[in-house]
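Report on the following structure.
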Amino acid sequence: MSNRIVIENCSIATVDADDTEYATGHVVVAGNLIESVAAGPAPAGLENVTRRIDGTGHLVTPGLVNTHHHFYQWITRGLAQNSNLFNWLVELYPTWARIDEPMVYAAASGSLGVMARGGVTTAMDHHYVFPRGAGDLLGAEIRAAAELGVRFTAARGSMDRGKSDGGLPPDFAVETTEGALLATEEAIDTHHDASFGSMLHIAAAPCSPFSVSTELLREAAVLARRKGVRLHTHGSETVEEEKFCHELFGMGPTDYFESTGWLGDDVWMAHCVHMNDSDIAAFARTGTGVAHCPSSNARLAAGIARVPDMLAAGVPVGLGVDGTASNESGELHTELRNALLINRLGGGERALNARQALRLGTYGGARVLGRTAEIGSLEAGKLADLVLWKLDGMAHASIADPVAALVFGAAAPVTLSLVNGVPVVENNRLTRADEDAIARLTRTEAQRLARIAGLA
């Protein structure tokens with residue numbers, strides 16, 4: 001019989017299909033599964049209770065799900081501070097093309113550590129820079145996620161359209177088409193675990209229309225569907241991208257993606273800022289998902305994505321941190337607030353509410369990653385990925401509505417975060433890693449990269 005953890009006397013936002021909430025309730029975890037969620041105290045007579053937690057003054061939610069990131073950028077934060085996307089990329093690609101395995105491991109540890117400490121239980125990364133001779137970069141990320149105990153989707157990215165072919169990346173930063181496809185297939189065969197409760201998924205993820213060939217896009221979609229994995233890329237992020245697609249392909253990004261097999265319920269795209277009514281309808285019709293990255297979109301002045309319209313149309317939408325060279329905080333729980341505020345700035349006071357923002361960061365993320373049967377809501381039989389947020393401190397205690405306190409208020413401390421029923425955060429500190437050691441490592445590797453790239 002599985003050991004049990006009992007959390008009682010807490011507010012609960014289940015984020016289930018009915019948005020069920022309990023002002024005072026309990027959650028029972030048995031092994032790696034949620035056994036029960038209900039109002040009032042836990043049932044009497046439970047056996048094998050190894051831990052009982054008084055959640056007074058706390059809110060329990062599903063763990064947060066990050067749907068877009070670039071871990072390697074943790075060691076290039078604070079650069080290109082006043083650039084739009086294309087200028088930012090042109091400035092940073094030469095530096096990024098000099099990363100190696102120790103740098104990526106350090107950056108992944110920093111990225112994952114900050115996200116986990118802020119309530120992320122399922123992380124995702126889109127890694128697309130593979131300099132020759134740099135080592136096992138995807139493996140470095142996978143190792144960091146396993147050490148921290150975070151559920152992980154590793155999107156094996158790629159670029160094969162260098163500057164000489166009309167792309168943005170320098171030629172020395174791209175792979176061959178064949179090499180990218182072979183490496184993606186090898187990553188899937190080596191690492192992807194499709195079983196219930198898997199801690200590691202692999203996705204196929206050519207980088208963007210302006211850094212990959214049409215052949216790579218088409219063949220990556222064929223490969224992913226043959227292997228039964230999901231597809232991820234950047235889409236409709238800027239007006240410059242739309243202009244690029246019209247000039248090169250004679251159509252906008254959404255039509256181009258559809259022509260290459262890149263719309264479907266196994267696909268999700270980052271940003272999707274510049275979407276017209278027809279684009280949104282195409283995403284809704286095909287079930288194509290969106291990773292909404294409000295802070296990064298603001299940092300790079302990309303624009304305000306039409307998230308309320310997407311939700312109204314039925315488009316799956318989750319939240320993403322995006323790379324920390326365009327969102328230096330690296331935290332997903334702050335994106336709950338920023339998603340709400342920025343969408344209201346674009347669409348008025350009713351554009352998005354606190355519970356919709358929480359859903360984006362939990363169930364919405366699980367939906368775009370294809371994992372709603374396992375995570376994203378607090379329901380019996382689902383995986384025990386949950387967060388106990390402390391809301392009785394000075395920053396939150398005077399807000400009566402706990403969900404509003406979490407979303408509208410300051411970033412809330414995490415008293416406990418479970419992944420697969422195992423604590424990964426306790427009292428706002430990582431349980432499986434030394435935060436000070438990670439800080440030292442990331443600083444050392446950032447300084448080494450700066451020296452190699454001629455920035456220091």
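Couple of notes before you dig in:
- When region 288-306 is filtered for residues that are in contact with a helix residue (DSSP H, G or I) (Cβ under 8 Å, 6 or more places away or on another chain) and either at pLDDT below 95 or more than 21 Å from L231 (Cβ to Cβ) (or both), the ones remaining, listed by number, are P294, S295, N297, A298, L300, A302, G303, I304, R306.
- Test: residue in region 275-284 that is in contact with a Cys (Cβ under 7 Å, 6 or more places away or on another chain) and either in the same structural domain as A187 (by TED's automatic domain parsing) or free of Cβ contacts under 8 Å to residues at least 12 places away in the same chain (or both): no
- With respect to the conditions (1) of a type in the set (A, V, I, L, M); (2) modelled with pLDDT of 95 or more; (3) in contact with a Phe, Trp or Tyr (Cβ under 7 Å, 6 or more places away or on another chain); (4) surrounded by fewer than 23 Cβ atoms within 10 Å (Cβ to Cβ), V114 falls short on a single one, namely (3).
- Filter result (part of a loop (DSSP other than H, G, I, E, B) and under 25 Å from V27 (Cβ atoms)) within region 325-359: E331, L332, N353
- Some residue of region 139-151 being assigned by TED's automatic domain parsing to the domain that holds L223, assigned to a strand (DSSP E or B) and surrounded by 24 or more Cβ atoms within 10 Å (Cβ to Cβ): yes
- Lone qualifier among A108, A194 - being more than 30 Å from H246 (Cα to Cα), surrounded by 24 or more Cβ atoms within 10 Å (Cβ to Cβ) and either assigned by TED's automatic domain parsing to the domain that holds D266 or basic (K, R) (or both): A108
- For E186, the conditions (1) touching a residue at least 40 places away in the same chain (Cβ under 8 Å); (2) among the charged types (D, E, K, R); (3) surrounded by fewer than 23 Cβ atoms within 10 Å (Cβ to Cβ) all hold with the exception of (1).
- Residue in region 44-66 that is more than 23 Å from V425 (Cα to Cα) and under 21 Å from the mean Cα position of the chain (by Cα) present: no
- Identity of the residue in region 325-373, under 21 Å from P413 (Cβ atoms) and of a type in the set (S, T, Y), that ends up surrounded by the most Cβ atoms within 10 Å (Cβ to Cβ): T362
- Some residue of region 287-309 being over 22 Å from the mean Cα position of the chain (by Cα), in a loop (DSSP other than H, G, I, E, B) and assigned by TED's automatic domain parsing to the domain that holds G364: no
- When each of T362, T444 is tested for being assigned to a helix (DSSP H, G or I), under 21 Å from I7 (Cβ atoms) and among the polar types (S, T, N, Q), the lone residue that passes is T362.
- Qualifying residue in region 335-350 (condition: within 26 Å of F244 (Cα to Cα) and within 13 Å of the chain's Cα centre (by Cα)): no
- Scan of region 211-232 for residues that are touching a Leu at 6+ places or on another chain (Cβ under 8 Å) and under 19 Å from G320 (Cβ atoms), ordered by number: S211, R230
- Hey, T362 touching a Ser or Thr at 6+ places or on another chain (Cβ under 9 Å) and not assigned by TED's automatic domain parsing to the domain that holds D100 or not: no
- A173 vs. criteria crowded, with 18+ Cβ neighbours inside 10 Å, at pLDDT below 95 and in contact with a Pro (Cβ under 6 Å, 6 or more places away or on another chain): no
- Residue list for region 430-456, restricted to those being of a type in the set (D, E) and free of Cβ contacts under 8 Å to residues at least 60 places away in the same chain: D434, D436
The values are calculated or read from the model by the stated rules, or taken from the named source; none is laboratory data. For clarity, every value in this text was computed on a predicted model and none was experimentally measured. We place every Cβ from the backbone using ideal geometry, glycine too, and count neighbours over all the protein chains shown.
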